[in-house]
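Undergrad: Got a structure for you, written out below as structure tokens; questions coming shortly.
The numbers here are math on the coordinates, done by the rules we state, and not lab data. These figures come from a predicted structure and were not determined experimentally.
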């Protein structure tokens, strides 16, 4: 009888050891697979049109051929890998547009990061060109740390760094190169 218990005990210990060793496989593959899943969008939409409004008044319209929804991420965002067009309206309902090759909307901050051939055209025919532009949809503020050119009736300039409201009536910039019209009073 002692031999049977001894035998069962040894068999049970052997099974536990074998199970433990076989479950210690390569966990890196599972981690890599989980990371791959985390980068997958929650959804993909095509020919998207998003409206941003305040008090039932449209402030901006964002359109894009493709929208990747990453709201499943810790810092959730929407990606527009095939380009984006943002039309926004000032206080007087004047239409202004921004186009770029790529865009990201950070949902928690309402900041849109536009990259690649960014062109902003204002209702007064002013044009801003840069490689990257941030637009804060909440405060209607535009900024970049990249080189830019700005042309209007009064300006023909290029500089690095821009920080301005969307009407360009209050802006700061780095070193300016170009022409600025100064009116005598």
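Undergrad: Calculate the length of the line joining the C-alpha centroid of region 41-64 to that of region 124-138, in whole Å.
TA: 18
Undergrad: I need the semi-axes of the equivalent ellipsoid of region 42-180: take the C-alpha gyration tensor, multiply each eigenvalue by 5, square-root it, list largest first in whole angstrom.
TA: 26, 17, 13
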